[in-house]
1. Among all residue pairs at least 6 apart or on different chains, which show Cβ distances below 6 Å where the first residue, located in the stretch 45-73, is surrounded by fewer than 15 Cβ atoms within 10 Å (Cβ to Cβ) and the second is not in a loop (DSSP other than H, G, I, E, B)?
2. So, in the stretch 103-143, of the ones that are at pLDDT below 95 and among the small types (G, A, S), which residue ends up surrounded by the fewest Cβ atoms within 10 Å (Cβ to Cβ)?
3. Is it the case that the stretch 80-95 has a residue that's of a type outside the set (A, V, I, L, M), surrounded by 20 or more Cβ atoms within 10 Å (Cβ to Cβ) and closer than 17 Å to E121 by Cα?
4. In the stretch 137-190, what residues are within 18 Å of the chain's Cα centre (by Cα) and part of a loop (DSSP other than H, G, I, E, B)?
5. Which pairs turn up if I take residues in the stretch 16-42 that are closer than 14 Å to L109 by Cβ and look for partners that are modelled with pLDDT of 95 or more and among the small types (G, A, S) with beta carbon separation below 6 Å, at least 6 apart in sequence or on another chain?
Amino acid sequence: MTGKEKTELRKTQILQAAAKVFAEKGFQEGTIPDVAKESGVSEASIYEYFSNKENLLFSIPMEAMQRLSEKIDFHLKLIRGGAEKLRAILYLQLLFYIENRDYAAVIMLILKQNRRFLDTEAHQAIRKHLKTVDKVIRDGMECGEFRNDMDPYLIRSTCLGSMEHVVTNWLMLGHPTDEELLKWVDPMLNALVRGVGAGNELNQCPLKHLIVPEDVEA
């Protein structure tokens, strides 16, 4: 393993530990010593990579968003149709949250309340993901799958806003269950397609047949 690879591995180790600490204790109560203990890395080493606790918090989404974006981009190349692509994006994002619950808690319960996060590089990575969603919606409009008199931003906000509401309940209340969370995708999109679709119905092919098998194994 090269020195650069060791550095990246240690940073990832610290970020994953920080996500767990902040998800469990909250940002105010979680401390750098807590992160050091969880990660097995010294406090001094943490400060070599991150200037302070807030910088550490703001860095958490970068690595996670890269993994999620790569997975989504890969699957979108295999799927046709705006509604089906939108369906895959929502499913993959929810699956990612289930597999990375600490990250989901940091994003939904901590970072969304912090205005300073909007000016960070990590937030730009999230905006890049949103642009992918926007492109799927616009492509659906151009090919006649979605009504072209709708605002793409409104469609995206409806999809992701609904998802965030459900995910917040899942994180805070434990409802819906993990399995129910994934089953939420089709009913929500069916309701949306009836409103913005151009006479189309959402394909009812199970998503497990649209996603590469290793991504949906229990």
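1. If the second residue must be not in a loop (DSSP other than H, G, I, E, B), no pairs are left.
2. A125
3. No, the conditions are met nowhere in the stretch 80-95.
4. P176, T177, W184
5. Cβ pairs passing all conditions: V21/G30; F22/G30; A23/A105.
The values are calculated or read from the model by the stated rules, or taken from the named source; none is laboratory data. For clarity, every value in this text was computed on a predicted model and none was experimentally measured. Positions of Cβ are backbone-derived with ideal geometry, glycine not excepted, and every protein chain shown enters the neighbour counts.
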